[in-house]
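Enquirer: Quick one: the structure is below, questions incoming.
Each reported figure results from applying straightforward, stated rules to the coordinates on display, with no laboratory input. Fair warning: this is a prediction, and the values are worked out from it, not measured in the lab. Methodologically, a virtual Cβ is constructed for each residue, glycine included, from the backbone with ideal geometry; neighbour enumeration extends over all protein chains shown.
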Amino acid sequence: MRNRVSAGVAVVLALGAVQACGGEGVRVSTAPEISGPTVCVGHQPVGSLPDRDDGTPLMRVVVHVDNLAQKRYAAVYTGLSVDEDDSAADIWRIPSDAFDAAVCDAAVKGVTLRLHDTDISRKTLNKLSDRIGDDMSRWDGSFRMREVGVDERGFVRVGVDDPDKAEPIMKKAYGAENARYIKVEYADQAELLDAG
């Protein structure tokens, strides 16, 4: 079983690194993507990253990509998850040669980066998630919304008690332009844990 950790990261646009990513892509069917991923295999020495983090090479790359995303590429960045078992990170973004080159240039030896296409930024998804979250009690009587959050693969995940009832109502309420970015799923009722 894969050990996958999600990292919610905001990114900003600019920078044009010259070196491009190499490798053949393989389609990953679990993520909503436009095409298969671009794969970058790290060749840089582990100490080449400017970020001072004493973690594993994979975590050093993740921290660097997070910083890069927040400072320069928010307009194209969607999200990131970590695959510790394969020493890899999956990065979802709106296709950008400059972002891809900057990210691939940061890959160190032993780390693989898989870049997946999306058509929406994290910034836009956060706004949609906030809008849905603000309406948490709006649906009482029809269904109960129990959780809402951004998935790094490019959609807002909404947990409810009755997905069959909730999905058409929510997709209609937030408009056709947002409907494809909303995934409605069953979520259990939150329970308080007994501290004693």
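Enquirer: Quick query: amide H of residue 110 versus all other amide H atoms, modeled in the peptide plane; which residues come in under 5 Å with a sequence gap of 5 or more or a different chain?
Expert: Excluding prolines and chain starts, which carry no amide H, the hits are 42.
Enquirer: Can you list residues whose amide H is under 5 Å from residue 75's amide H, if they're 5+ apart or on another chain and H is modeled 1.01 Å from N?
Expert: Residues meeting the criterion, in which the H sits 1.01 Å from N, are 12, 13.
Enquirer: Non-local amide H neighbours of residue 148 (under 5 Å, H modeled in plane, Pro and chain starts lacking H): which ones?
Expert: So residue 148 has HN proximity to 159.
Enquirer: Residue by residue, what Karplus-based ³J(HN,Hα) values in Hz, rounded to whole numbers, does segment 65-73 have, using 6.51, -1.76 and 1.60 with θ = phi - 60° and x for Gly and Pro?
Expert: 4, 4, 5, 4, 4, 5, 8, 10, 10
Enquirer: When only alpha-carbon atoms count, how far does segment 66-119 stretch along each of its three principal axes, as whole angstroms with the largest first?
Expert: Principal-axis extents of segment 66-119 (Cα, largest first): 30, 19, 17 Å.
Enquirer: Then there is this: Between residue 165 and residue 56, what length in nm is gained on full extension when 0.36 nm per residue of separation is reduced by their alpha carbon distance? Don't skip to the end; give the middle numbers.
Expert: On the way: separation 109, 0.36 × 109 = 39.24 nm, distance 4.50 nm.
Length gained between residue 165 and residue 56: 34.7 nm.
Enquirer: I'd like the Karplus ³J(HN,Hα) series for segment 82-87: coefficients 6.51, -1.76, 1.60, θ = phi - 60°, whole numbers in Hz, and an x wherever there's a Gly or Pro.
Expert: Residue by residue, segment 82-87 yields 10, 10, 5, 4, 9, 6 Hz.
Enquirer: Please give the contour-minus-distance gain from residue 126 to residue 67: 0.36 nm per residue of separation, less the Cα-Cα distance, rounded to one decimal in nm.
Expert: Once the chain is fully extended between residue 126 and residue 67, it gains 19.4 nm.
Enquirer: Please get the size of the charge dipole for segment 94-171, origin at its Cα centre, with Cβ charges of +1 on Lys and Arg and -1 on Asp and Glu, quoted in debye to the nearest 20.
Expert: I would put it at about 120 debye.
Enquirer: Now for a separate question. Need the list of lysines near residue 183 for cross-linking: C-alpha distance under 27 angstrom, and skip anything on the same chain fewer than eight residues off.
Expert: Leaving aside lysines fewer than 8 places away in the same chain, those within reach of residue 183 are 123, 127, 165, 171, 172.
Enquirer: Once phi is turned into θ = phi - 60°, what whole-Hz ³J(HN,Hα) does the Karplus curve with 6.51, -1.76 and 1.60 give for every residue of segment 133-150, x standing for Gly and Pro?
Expert: x, 5, 9, 3, 8, 4, 8, 3, x, 9, 6, 10, 7, 10, 7, 8, x, 7
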